[in-house]
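In what follows, a single structure is set out as structure tokens and then discussed.
A short reminder: the numbers here are calculations on the coordinates, not readings from a lab. All figures in this text were calculated on a predicted structure; none of them were measured in a lab. Cβ sites come from the backbone with ideal geometry, for glycine too, and all protein chains shown count toward neighbours.
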Amino acid sequence: MKGIIFNLLEEVVTEHLGADTWDKLLAAAELDGAFTSLGNYPDEHLFKLVAAASAALGKQPTEIVRWFGAKAMPLLARKYPPLFSRHTSARAFILTLNNIIHPEVRKLYPGADVPDFDFDTSSPEVLVMNYRSKRKLCALAEGLSEGAAEHFGEAVAILHPQCMHRGDACCRLELSFTRKNKA
Amino acid sequence: MTDSPTGPATDPSRLLARVDRERNARLQAEALAERGMRQLYERQQHLEVLHGIAETANAALSLDACLRMTLDQWCRYTGWPVGHFYLISEESAGRLISAGEWHLNNTEKFSAFRDITEATTFERGVGLPGRVMETGRAVWVVDVTEWPGFLRARQGVQLNVRGAFAFPVLLGDETVAVAEFFSTEPEEVNETWLNLATQVGTMLGRVFERLRAQREIERTHQLLLRASREAGMAEVANGVLHNVGNVLTSLNLVVQTAQERAAASRVSHFQRAMEMMQRESARLGEFLTHDAKGRELPGFLARLADILIAENTRLRSDLENLARHCEHIREIVVTQQGASHSLGKIEELDPAQLFEDAIRLNADSLNRHGIRLERSFAPLGRVRADRHRVLQILVNLLHNAKDALMSVERSKRGIRVTIAPHEAVNACLSVADNGVGIAPEVRDKIFQHGFTTKPDGHGFGLHSAALAARDMGGRLTLGSDGPGRGATFTLILPLARPILP
């Protein structure tokens, strides 16, 4: 797992739950917490932190991951504005994952093991995203979709009819975006 | 710096500030490292695409393949889904037409765009490719749907393209092709790509330059081939003249001899005898029986008849020789006429018969110069050859041998003609003389066109003979031990059937 994920998690936790919480999570996960964005760390470290957060906050690990994904999106938008600025909708942004965002990730992190998303765009209302990864972080994909919708002033309804955690070969996420009314 | 030289600061706000500083330093270091990584990656990608296209350009590919591979590599590099090439129209140097070479990552999605593009030609200055051709520079359009110059959008068909980028393939200052690429989204100008495109355009220009040079070489080659064919025909014609000249020399001699014989004919004696008999016609019986002259007349007429018959026999022989020479000239001319279509017919021929024919054609000349001829013919069976060409070669060799013997004392002049096997599959037809011989430095040049040792020679006979031998699947060789030691020319011809061991 790339250090950038740990950095984002640290930032999200610190921003929303405070620096002390991050210290406690690190202590509970028995990690020293010295992560640098370009470094490579065992996936296990992330799962330990998620488990610690799950225990501390009394929430399911998938909920923690989903929350993290949603809250990480604004940080990513601050960090890599060109990836967002060319789009006006979450759907268009998400559709650049394979062709633009992941190639950009590979520029920074040679050998990054990024997941491949298989999109079905035949419906203008529902964007179907098939996700396959040995890490099974479909909750992160859900959270990031929610974060993306939020970024573009939209709401998203997510159906998850197939899931690797339930024994399916891949996860199928059906995303329906709607524009929020401006208050 | 700390508040106390002995330990860390204890003020929490200061500690927090210090942690923040450290954290910011880390973030800055990471940002720097990321920038470096990105630049390194991008540079590597540039090099890869340039290297790939350079390899494509250098490989001996067709233009079509080169263009297609360039499109594939550029689209893979940029991630853009559509790439296409225009070429200069052969009918109008100021017009661009589709080269028919595409990169499409979704054929169905862009089929309308492709159809409209292939049906559209662009004059210099018109549309995206025309603009590139006019300026000789790359053109970037952020969004073609908002660019009035995008002609293809005027047909009201959904083209599914937005961002566009086109660059020229340059040969010096001349635009020889235009590459265009399209994205499905509006695209901001990318200076790196513009710079890369200039390099790619120059590299591809070299491909066009090479192809032009190849076409020019091919054209020159065709001209050379034609010239060589014409030269070949000229050689044949020259060969005909040479051989006809040889025969004419013999023919002239026969004519001269016949003329001398006719001039020296005793036929006038018969006329005088007749005049005498007419004068004495009134008393012819008495004249023949009592006159001294009259009594000798019958015997004289009998002797004269013998002489005239002998003269007539010699003249008939001369006329036969003349007819043979004329027939040979006819054969040579027929051969030349045939050569304009095919160089003679390959037949199975008796080499001894070929030699005898050639000797007969040179017989007068050989006899006149007192040249002794010796034959040594091994029974090898037939050779595969063109009769007229072999005849021309052998006549030429015998003629040369005769010339080589002119400075040799008359009683010692000799030519030896030989037929012998060579490596079981060939026959060697040799003409050896004991004449002036050939110096080693001349030996190598003797078959070259234009080389001759004779004051009135053209350097054509042996050259054409060697070519003819090669055409028949054989060869002509020369052996000589040097000046004054004679020479042997050998015509090697394939046997119709190899000699069994």
Item checked: Rounded to 10°, Cα long-axis angle of helix B:267-279 versus longest principal axis of chain B -> 40 degrees
Next item on the list: Once you've got the GNM for chain A with C-alpha springs shorter than 10 Å, pick whichever of A:122, A:89, A:54 has the biggest mean-square fluctuation.
Entry: A:122
Margin query: Below 20 Å, Cα to Cα, which aspartates and glutamates can residue A:134 reach? Residues fewer than 8 away in the same chain don't count.
Written below: A:43, A:44, A:63, A:113, A:116, A:118, A:142, A:168
Notebook entry, point to check: Classify the stretch A:67-179: rounded, prolate or oblate, from the alpha-carbon gyration tensor (a ≥ b ≥ c, eigenvalue square roots; a/c under 1.5 rounded; otherwise prolate if a/b is larger than b/c)?
Noted result: oblate
Check: Based on DSSP H runs of at least 4 residues, each adding -39500 (n - 2.57), what is the mean residue ellipticity at 222 nm of chain B after dividing by all its residues, to the nearest 500 deg cm²/dmol?
Finding: -19000 deg cm²/dmol
Item checked: Local electrostatic count, residue A:134, Cβ distance below 11 Å [Lys/Arg +1, Asp/Glu -1] -> +1
Margin query: Among the complete DSSP H segments of chain A, which ones combine at least 24 Å of alpha-carbon extent along their axis with a mean Kyte-Doolittle hydropathy of 1.0 or more?
Written below: none
Next item on the list: Taking GluC sites (Glu not before Pro) as candidate sites, keep only those in a DSSP loop with at most 16 other Cβ atoms within 10 Å, then name the longest stretch of chain B containing none of them.
Entry: B:189-408
Check: Radius of gyration and Dmax for the protein assembly as shown's Cα atoms, expressed in Å?
Finding: 51.5, 185
Notebook entry, point to check: Once every DSSP H run of n ≥ 4 in chain A is given -39500 (n - 2.57) and the sum is divided by its residues, what mean residue ellipticity at 222 nm do you get, rounded to the nearest 500 deg cm²/dmol?
Noted result: -15000 deg cm²/dmol
Checklist line | Around residue B:58: net Lys/Arg minus Asp/Glu count, Cβ-Cβ under 10 Å | finding: +1
Item checked: Residues with amide H under 5 Å from that of residue B:82, placed H, sequence gap 5 or more -> B:182
Checklist line | Nonlocal amide H pairs with residue B:99, under 5 Å, H built at 1.01 Å | finding: B:85, B:86, B:87
Note to self: Between the stretch B:248-325 and the stretch B:357-395, how far is it from one alpha carbon centroid to the other, in angstrom?
What the structure shows: 36 Å
Note to self: Under 14 Å between alpha carbons, and skipping anything fewer than 8 positions from residue A:48 in its own chain: which aspartates and glutamates qualify?
What the structure shows: A:10, A:23, A:30, A:32
Checklist line | Contour minus Cα-Cα distance for residue B:134 and residue B:276 (0.36 nm per residue) | finding: 40.0 nm
Next item on the list: Arrange the following residues from fewest to most other Cβ atoms within 10 Å of their Cβ: B:117, B:10, B:135.
Entry: B:10, B:135, B:117
Item checked: Karplus-derived 3J(HN,Hα), 6.51/-1.76/1.60, for each residue of the stretch A:168-177, Hz, glycine and proline x -> 6, 5, 8, 8, 10, 10, 10, 9, 10, 9
Margin query: Using the Karplus curve 6.51 cos²θ - 1.76 cosθ + 1.60 with θ = phi - 60°, what ³J(HN,Hα) values do you get for each residue of the stretch B:30-47, in whole Hz, with x for Gly and Pro?
Written below: 5, 4, 4, 4, 4, 4, x, 4, 5, 4, 4, 4, 4, 4, 4, 5, 4, 4
Notebook entry, point to check: Computed over the Cα atoms, what is the radius of gyration of the stretch B:344-501 divided by 2.2 N^0.38 Å, N being its residue count?
Noted result: 1.00
Margin query: With θ taken as phi - 60° and the coefficients 6.51, -1.76 and 1.60, list the Karplus ³J(HN,Hα) couplings across the stretch B:367-379 in order, rounded to whole Hz; mark glycine and proline as x.
Written below: 5, 4, 9, x, 8, 7, 10, 10, 10, 9, 10, 7, x
Item checked: Residues with amide H under 5 Å from that of residue B:171, placed H, sequence gap 5 or more -> B:176
Note to self: Which of rounded, prolate or oblate describes the stretch B:59-189 when judged by the alpha-carbon gyration tensor and an a/c cut-off of 1.5?
What the structure shows: rounded
